[in-house]
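Have a look at the structure below, then the notes.
The values are calculated or read from the model by the stated rules, or taken from the named source; none is laboratory data. Bear in mind the structure is a predicted one, so any value in this text is a computation, not a measurement. Cβ sites come from the backbone with ideal geometry, for glycine too, and all protein chains shown count toward neighbours.
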């Protein structure tokens, strides 16, 4: 257990005692004892030199390994070594990474075989998740684990689903695969329905009261996830529309940074305006996207979008002019 703890600390992060206890499947009191044993061992073996476990005080403190522990060497380039550290920092900071514990243990074993000369392990990457889910990671993980178990056992699940219309619907569902899209977890599979049985996908954070049944299922032979999902999102999520607009001011620069759909072409006009042509899906998503630019946009196509914006603008003016 001491060696495992040493491997975990060799990632360079500061770990709270409670974090180490969770990763080692033990209690915090044992972690403190492991540190004492390692301190004594290091003092006896190295005479006070080499590495030691540093205690960082304060709210964000914990244990950190001050120095490198090198086990049998694996050859990696400096950039490869740095990539491991950045991946560890990045994934540890996210609340939607379901395999965080397993990853921490795995990366600690890798880093324990690497001499990290010239690489500052204590410099953690700052990752800010804008608009994170309000749901706790524990609740998302419970749903994820329940679905993962059902997928492996090929058993149907029952759950209540909160629709976009804020209605709760009961579902009997055969889960095929879990996947992440746009920083949210989804499950895709077969929906049992009298009216419209078909392949569907559901967002995990909208699922409630999930439970695995004893009903076995078989994945349909014709099922292929690539028929429903691609790099742009869900294929069966409404008609595709060709959208053209000119963005002004700060947005003239910002629209150059991201891909908003298929066949995108970005044409700078001058320092203050940029034209974007792109194929986008789902009328409601397109409206919300365009409205986010406020008045700093001229929509050129399609005509229905220009008419919708005119109606929305008039409605907003009437609402707030009263």
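Points to keep in mind about this one:
- Selection of the range 276-310 for residues being within 16 Å of residue 255 (Cβ to Cβ), out of contact with any strand residue (DSSP E or B) (no Cβ under 8 Å at 6 or more places or on another chain) and either surrounded by 15 or more Cβ atoms within 10 Å (Cβ to Cβ) or touching a residue at least 12 places away in the same chain (Cβ under 8 Å) (or both) yields only 291.
- Considering residues of the range 214-234 that are within 15 Å of residue 262 (Cβ to Cβ) and surrounded by fewer than 13 Cβ atoms within 10 Å (Cβ to Cβ) only, the residue modelled with the highest pLDDT: 230
- For the range 27-46, the count of residues that are at pLDDT 65 or above, in a helix (DSSP H, G or I), touching a strand residue (DSSP E or B) at 6+ places or on another chain (Cβ under 9 Å) and within 30 Å of residue 148 (Cβ to Cβ) is at least one.
- Of the residues screened, residue 211 is one that is at pLDDT 90 or above, in contact with a helix residue (DSSP H, G or I) (Cβ under 9 Å, 6 or more places away or on another chain) and exposed (fewer than 15 other Cβ atoms within 10 Å of the Cβ).
- In the range 143-190, the residues that are at pLDDT below 90 and within 17 Å of the chain's Cα centre (by Cα): 179, 180, 181, 182, 183, 184, 185
- For the range 304-313, residues that are closer than 15 Å to residue 282 by Cα and over 33 Å from the mean Cα position of the chain (by Cα) total 2.
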